[in-house]
Structure formats: C-alpha cells, structure tokens
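Heads up, the thing below is written out as structure tokens.
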Amino acid sequence: METEEFKPGSAGAPSAGQENSSSLFHYSRLLVIMILVLMALFPSCRSGRSGHSLVVAGSTSIQPFADKWAEVFMEKRPGEIVDVQGGGSSAGIQAVLTGAAHIGMSSRELKGDEKELYQIEVAHDGLAIIVHPSNPLENITIEQVKSIFLGEITTWETLNGQKKAITVVVREEGSGTRGAFQELVMGKSRITKKAIVQDSNGTVREIVSRDPNAIGFISLGLVNDSVKALALNGVKPTEEAILKKEYKLVRPFLFLTRETPSGLAKEFIDFILSDEIQELVHKEGLIPVRRGSRPEGSR
Amino acid sequence: MTRLEKNDRLVRLGLLMIALSAISVLAIITLFIFEQGTPIMFRYGFKSFLLGQDWYPSEKSFGLLPMIVGSLMVTFGALIIGVPLGLASAIFLTEFSHRRLTRILKPVIELLAGIPSVVYGFIGLMFLVPFIRDNFGGPGLSVLAASLILGIMILPTVISIAIDSIRAVPDSYREGSIALGATRWQTVRMVVLPAARSGIIAGIILGMGRAIGETMAVIMVAGNAADIPGSILAPVRTLTSNIALEMAYASGEHREALFATGVILFIIIMILNTIANVTSTRQRKK
C-alpha cells in the first residue's frame, strides 16, 4: 500500500489519465482568463489620466522640456494636473485653435491665420554646425551646409582644400534637433541616406570630436572644447548673435493660447518664465527668454 | 493515500500554473507586437516594407530593405569571424589540449558571455573604430566594426556547444580511426567533425540568433546609416538598431513602423530558432 502511495500512475494510471485531461481543460480556461485580464489592464494604463487638467500639446521638440517643467510645476502645486502631449507643432496649433488643448506648443514661427493666437516665447533653441577642432575651416554658408547634408558635396576639397571624404553625422528621425535642422537648412530636401545616425546630441559630438573629417549639428548649449562650432555666413553662434537674430539657425519655442492666458494656463506660463525654470532652460542647452509678447498686427 | 495524492496534485497544479504564466507572457508579447505592427504593413503593403529602400518615417516612407540587408550582412560577417575562431578553439580544447588546460580555459571563454554588450560596444567605439578609420579608411563606424564585435560576442555560444557535441562523439570512433593509421588531425577532420556536424551547426545558428538580436553594441559601432552599405567600410543599420534608435520620439505611424520592424525581426528569429531546433533533434535521433 505504502509504495503505491509514493508512485502515482502505477495502480491508478487510467484514473490519473482521466484527471489529466479534465484538469488540462480546466487550466486552459484559466489561461484564457489570465490573458483576458492582462489585456484588459493594458488599455486602462493608457487612459489613466483624466479629470480637470491643463492640456498642453504640440511640438515634439518642446515636449521633453515641457514634460520636465510640468513635473516641477505639479510638485509645487499638488492637485493640479498638467497633461503634456506631442503631435507636432502644426497639430499643437490646431489643437489650441479648436480648443482641444489649453496651450499649444510650436517650435516654428506662426504663419497666416495662426497669427491670431496669443504667443509667448518661452525659450530659443540654437543649432551649431560642428567639426573636428583640427579642421582648418572656420566659416561656412547655409548653402554649403545644405549641399553637404544632401550628399552633393562629399569631400572637404572645395571647403578647406583637403582631399578627404566628409563624414556626415546626423540625429535620428523623429528627434527635435533633426526636425529643426531639416526645417531651417534642408527645407523639403532629404538628408542623405549615407549619413551616420546617432540618437543623442552627446554621441554626435563624441563622433565629431574623434573623426577629423566629420561634420554634424547639435544644440548650441551642448557645444564644448572637444568640437569646433562653425560660423555661419560669417556669424559666430553666440547667445548675443542669437538674441540679435544675426545667427540664422535658431527657432523659437512658443506657447500659444486662444485668448490672453488666464487661470491655470497663466500660472503655468508665468511659472515657466520664472527665474527658476529659465535657469533650468539654460542648463538644458536652450537660450532663455523672459518676455511675453503679443505680435504686431494681431488683435 | 489521499493526502499524499492531494499534495502531489497540488504541486503539479502549481508548477503547471507557473509554466503557463511563462508561456502566456510569450503569447502576450507576440500578440502585442503583431497587433501594433501589422496594421501599418497592410495599409502600405508588405512589398513597400520589405523592398522599399528609403527610410524617411516623417515623410511616410517606410522602406526596411536597408535594415534587413544590414542585419543579414552584419550577422553573416559575425559568423565569418566567429565560426572559424570558435570551431578552432573547440577542437583544440577537446582534442589537443591537456585536460587541465581545458578545465581552466573553458570557463574563461564562457566568461566572455558575461560581459555586458554595452562594454563591447564601448571598447569597439574607443579602439576598434579609430583603428579601422586610420588604417582602412571610411568613417570607421562600419559593417566591419560591427561584424568584428559581434563575432567575438558569439564565440562563447559557438565554442561551448561545439565542445559539447564534439565530446558526445563516442571514443570508439576516434580509436577506430587511429587504429586504421590516421593521424590525430585526420581523425578530427574526417571522423569527429562529421559526426558532431549537426550539433556544431545548431551552435552556429544559436550564435547567429544572438548576433541578429544584439542591439546596444551594434548601435555604438555600426554608424546606423539607413542605406544599403556599399562596402564593409560603410556604415550600416540593423533591424534592432532601427527600433532602439528611434523609439524615443516616435509617435503615430512612425511608432507603428517600428513595431513593423519588430514583426519582421520576430519572423526572422523564429525561422532561425526553428532551423536550430530541427537540426539539434536530428542529431539526438542519430
């Protein structure tokens, strides 16, 4: 008797087999339920945010910064919710025009009817064209930059006399820095497929600092001694040149509202224009601005 | 009797639940990737994904061919470097070295598998890339750099599986061959290797799976240009790099296209795993 107890499936083999099939059926039902529960959990994660909140939507270049600002804001004012969404500058402008968002974010200047909106510059973003420090080139024109990134100019010969192939380094698709470069330099033309792609300003700088034949672009605030920022059409990329609008590779970070901001929207915008956040802006490589402005010619 | 049987059933049920949870995670991941990745492929057509050469997601151009070719090139390159080295090491460690030396060397080789891939990538970026740039030309970030790094990364897999399958060859084969007057090398070449063939191939295919799935090290040394490389000194982007590079800011269709990249990668890896399973069962039957 004892030995039988220790050996399941010796004497009671047929009954065990039956049990097996019925329990297997049972388990498979359990599995289905488990999967259903897990799948039900996924969408609930997405729609987690709701209730009364300030919706800020638009430029994906501003979004990561705005996320951080919103985080600090919500820490200071518990109970208030700032919901930052992406979608792109145009989507953000549309969202604020239709009232889908309280604040729109745009990293390009407004055009046409869009100028009806109330706009507040919260920061500037400058782009530096960088090369290896040993590169004798000091100045470059926007047209030359465009030809290089189009893949039309492939050697340094016409630029600094060296018969070396140019290593073009760019950011990945979807990045705000690439978006800015595309808009300010390339227009509708495509950046060459042969360009080396890196996923951060830091790695672009790292590669340009190590390759004597490389050229790339990064946020102005992240330029350091390991690379050389070229003058563009004769203008050195400095903060003053940008504020005087002499250096061309700059775009504004705009916050847009339909009316003069009020309530939570005003509080949030004032907060971003406060010294504390503007200092954060500076630390993150942007150029701070402290003035809100109503464009000429609007209501 | 009933108490013990009950216990037994409880344990069995518990273990089954745990086993099923692992399987259900796999099922959910598969479902999720396909749910997210296939709609866009239907919308734009499989052909434009598999054969399109232009990857400009912001302009709705989602050609994955450069990345598919890139993954295959880099993986093939890794095999060209990793397989001869790995096979030679395995043969030496099983057939020619002292047992004591093997006992030291094998764990050391297996230690290679424990080095995080970001460290391989970093070393590649700091030493291998400048070396290639200075001595062979090009930007240094290249198919060659990625293949070399991956070739080293797959060594532990190739070596340990090759050692196991060479050891599984019965000694009577070797004795018979040597009794016939063959030298040691002739025995290895004509008797041992053919007998261990399918195990070795399974190891190579597993190494291949590791190479095609590796991401971090490749991103760091490959240059990631979304273009079909013209030479081994040109930069290259793999399927895995494509996802990891662009996921940070991708939204909408761009994000879906990255999932579609995942679908294609998933299919390629499934095919490789199936081949590996088939070859290794065939060996067991022998």
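Things to note:
- Taking residues in region B:18-35 that are more than 8 Å from chain A (Cβ to nearest Cβ), and partners anywhere that are assigned to a helix (DSSP H, G or I), the pairs with Cβ atoms closer than 7 Å and at least 6 places apart or on different chains are B:Ile33/B:Phe259; B:Ile33/B:Gly262; B:Ile33/B:Val263; B:Ile33/B:Phe266; B:Phe34/B:Val263.
- Condition broken by A:Ile272, with the remaining ones in (1) farther than 30 Å from B:Thr238 by Cβ; (2) among the aliphatic types (A, V, I, L, M); (3) open to solvent by less than 30 Å² (accessible area, probe 1.4 Å); (4) at pLDDT below 90 satisfied: (4)
- Residues of region B:48-79 that are within 10 Å of another protein chain (Cβ to nearest Cβ), in contact with a Leu (Cβ under 8 Å, 6 or more places away or on another chain) and open to solvent by 50 Å² or more (accessible area, probe 1.4 Å): B:Gln53 alone.
- Considering the conditions (1) in contact with a Lys or Arg (Cβ under 9 Å, 6 or more places away or on another chain); (2) among the aliphatic types (A, V, I, L, M); (3) more than 10 Å from every other protein chain (Cβ to nearest Cβ), B:Ala226 is excluded by exactly one of them, (3).
- Residues in region B:192-203 that are under 17 Å from the mean Cα position of the chain (by Cα) and buried (at least 22 other Cβ atoms within 10 Å of the Cβ): B:Gly199, B:Ile200, B:Ala202, B:Gly203.
- Restricting the first member to region A:235-249 and to residues that are open to solvent by 10 Å² or more (accessible area, probe 1.4 Å), and the second to residues that are part of a helix (DSSP H, G or I), the beta-carbon pairs closer than 6 Å and six or more apart or on different chains are A:Val235/A:Ala241; A:Pro237/A:Leu220.
- Residues in region B:1-45 that are β-branched (Val, Ile, Thr), more than 30 Å from B:His254 (Cα to Cα) and modelled with pLDDT of 90 or more: 2 in all.
- Residue that is modelled with the lowest pLDDT [pool: residues in region A:105-126 that are closer than 26 Å to B:Glu253 by Cβ and part of a strand (DSSP E or B)]: A:Asp125
- Leading residue by the ranking (farthest from the other protein chains (Cβ to nearest Cβ)) among those in region B:36-47 that are under 27 Å from the mean Cα position of the chain (by Cα) and touching a residue at least 12 places away in the same chain (Cβ under 8 Å): B:Met41
- Meets criteria (open to solvent by 30 Å² or more (accessible area, probe 1.4 Å) and in contact with a helix residue (DSSP H, G or I) (Cβ under 6 Å, 6 or more places away or on another chain)) for B:Ala113: yes
- Of all residues assigned to region A:96-104, at least one qualifies as being out of contact with any Asp or Glu (no Cβ under 8 Å at 6 or more places or on another chain), closer than 27 Å to A:Pro288 by Cβ, part of a loop (DSSP other than H, G, I, E, B) and more than 14 Å from every other protein chain (Cβ to nearest Cβ).
- Residue list for region B:136-157, restricted to those being away from every other protein chain (no Cβ under 14 Å) and assigned to a helix (DSSP H, G or I): B:Leu144, B:Ser147, B:Leu148, B:Ile149, B:Leu150, B:Gly151, B:Ile152, B:Met153, B:Leu155, B:Pro156, B:Thr157
- Meets criteria (more than 12 Å from every other protein chain (Cβ to nearest Cβ) and β-branched (Val, Ile, Thr)) for B:Ile204: yes
- Output for region B:241-277, where each listed residue is under 17 Å from B:Thr75 (Cβ atoms) and open to solvent by 40 Å² or more (accessible area, probe 1.4 Å): B:Ile243, B:Phe266, B:Ile267, B:Ile269, B:Met270, B:Ile271, B:Asn273, B:Thr274, B:Ile275
- Residue among A:Glu246, A:Glu267 that alone is more than 19 Å from A:Phe65 (Cβ to Cβ) and not β-branched (Val, Ile, Thr): A:Glu246
- Filter result (assigned to a helix (DSSP H, G or I) and open to solvent by 10 Å² or more (accessible area, probe 1.4 Å)) within region B:204-239: B:Ile204, B:Ile205, B:Leu206, B:Met208, B:Gly209, B:Arg210, B:Gly213, B:Met216, B:Ile219, B:Met220
- Test: residue in region B:170-189 that is in the same structural domain as B:Thr274 (by TED's automatic domain parsing) and buried (at least 23 other Cβ atoms within 10 Å of the Cβ): no
- Residue within region A:24-43 that is of a type outside the set (Phe, Trp, Tyr), surrounded by 11 or more Cβ atoms within 10 Å (Cβ to Cβ) and modelled with pLDDT of 80 or more present: no
- From the options B:Ala88, B:Ala78, B:Ala145, residue that is assigned by TED's automatic domain parsing to the domain that holds B:Ile159, hydrophobic (A, V, I, L, M, F, W, C) and within 15 Å of the chain's Cα centre (by Cα): B:Ala78
The values are calculated or read from the model by the stated rules, or taken from the named source; none is laboratory data. Quantities reported herein were computed from a predicted structural model and do not represent experimental measurements. No Cβ is skipped: glycine too gets one built from the backbone with ideal geometry, and neighbour counts run over all protein chains shown. Each accessible area value is taken on the protein alone, full model and side chains, heavy atoms only, with ligands, DNA and RNA left out. Shrake-Rupley method; radii C 1.70, N 1.55, O 1.52, S 1.80 Å.
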